[in-house]
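One structure below.
The values are calculated or read from the model by the stated rules, or taken from the named source; none is laboratory data. This one's a predicted model, so the numbers in the text were calculated from it and none came from an experiment. Don't worry about glycine lacking a Cβ; one is built from the backbone with ideal geometry, like all the others, and counts go over all protein chains shown.
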Amino acid sequence: MRGLLAILLLALPAHAQEMRPYIDDAGRTVEIPVAPQRIASLRGEQFTTPLWELGANLVASSGRQDGDKNGGDPYPRGAFDIFGIDFENTDLAFLGNPNAPDFEAIAAARPDLILIPDWREDDIDRLSAVAPTVVIGIWSNPLLERYRKIADAAGVLDVYEARLAQFETSLSDARAVVADTIPDPADVTITVADVFDRELVAYRDYAALSHVIRELGFATPPFILALEDSNARISPELLPEIDGDFLIGTYSIAFGQTPTSQRAQWEALVPVWDEVLHAPRHNQHFFLDRERMRGVSFAALETTLAILLSQVATRDFVPLGAD
């Protein structure tokens, strides 16, 4: 405890900063620096990734260790996959696992702003003793609204707005491609679903993937749209309710998953899945690298946009109900 107190004293700012009120997603008004100089992130794919993309003054991040990924060394999820950064090739301090952060390491990093997801609200008081702590809701905020809140707190809203304008130009071009190839994208239904450990999971909101599907005007099965949460485990008996023209799944090499192993998961759950569902029956089932798609960033959005153009908009496919 004495060691932690000493670190907390070191964490005190050397000079006063201009402050401003910020209303976070816990409903708290937090006094934060107008221009934060030492930001600590407690979620890699949600905070570290967008902060790095925008060039914010990020000094520390939580990280994961997953098998042989990154040689077994810790890495910030999402930011490592999209931008190739880790704790060896940057000056970022490692703050422990996002689900079990190292509070002494957080204090030693001397942050002037800490960003945490809404499921870590129990840590607010402890972290606020180190630096102003802002809670950002993850699935309660649409992707770009979440990103905007992060940029605002970090003092880089202008950079965010510039990148948003660039992405909207790419999106406008993509919509023109869709209009050229598909009379009405609302007639094309895309299902996002996975099987993990003999459980079927359907996604209403899955980061960049769901955002781009909506922005291009494609449809989602009504059953999935009606889900209360961003995803839900559902009975295999409901497979016909989630059928679509296309089925998209995900894999993560860090977790020992490949497209082949994910197809095997489907086979183990429902041996006739590729006969019951339209998309696999017509080779309209494909997989995305989960980590590259989940990291909150314009890079993830642009990559996902390119994939959907190539895999859906610019290829011949068999429409649902045509067979």
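Identify all residues within the range 129-152 that are surrounded by 16 or more Cβ atoms within 10 Å (Cβ to Cβ), at pLDDT 95 or above and of a type in the set (A, V, I, L, M); write none if there are none.
Selection gives V130, A131, V134, V135, I136, L143, L144, I150, A151.
Can you tell me which residue in the range 57-113 is nearest to V296 (Cα to Cα), limited to those that are in contact with an Asp or Glu (Cβ under 9 Å, 6 or more places away or on another chain) and in a strand (DSSP E or B)?
The residue in question is Y75.
List pairs: first in the range 227-242 and farther than 11 Å from D205 by Cβ and in contact (Cβ under 8 Å) with a residue 60 or more places away in the chain, second among the aromatic types (F, W, Y) and loosely packed, with under 14 Cβ neighbours inside 10 Å, Cβ under 9 Å, 6+ apart or cross-chain?
As it stands, the answer is none, since no pair meets every condition given.
Look through the range 230-280, keep the residues that are in a helix (DSSP H, G or I) and in contact with an Asp or Glu (Cβ under 6 Å, 6 or more places away or on another chain), and return whichever of them is modelled with the lowest pLDDT. Let's see the steps before the verdict.
Here is the first cut: in the range 230-280, the ones in a helix (DSSP H, G or I) are 236-242, 253-255, 259-269, 273-276, 278-280.
Remaining after also requiring in contact with an Asp or Glu (Cβ under 6 Å, 6 or more places away or on another chain): 254, 278, 280.
Values: A254: 87, H278: 96, P280: 96.
The residue in question is A254.
Tell me, please, whether a residue that is within 30 Å of I213 (Cα to Cα), without any contact (Cβ under 8 Å) to a residue 40 or more places away in the chain and not hydrophobic (A, V, I, L, M, F, W, C) can be found in the range 132-144.
Checking the range 132-144: not a single residue is within 30 Å of I213 (Cα to Cα), without any contact (Cβ under 8 Å) to a residue 40 or more places away in the chain and not hydrophobic (A, V, I, L, M, F, W, C).
With F80, F103, F87 as the choices, which residue is at pLDDT 95 or above, out of contact with any Gly (no Cβ under 6 Å at 6 or more places or on another chain), closer than 16 Å to P50 by Cβ and not aliphatic (A, V, I, L, M)?
Details: F103 fails: closer than 16 Å to P50 by Cβ; F87 fails: closer than 16 Å to P50 by Cβ.
The match here is F80.
Exactly one of these conditions fails for G321: (1) modelled with pLDDT under 95; (2) assigned to a loop (DSSP other than H, G, I, E, B); (3) in the same structural domain as D173 (by TED's automatic domain parsing); (4) not polar (S, T, N, Q). Give me its number.
(3)
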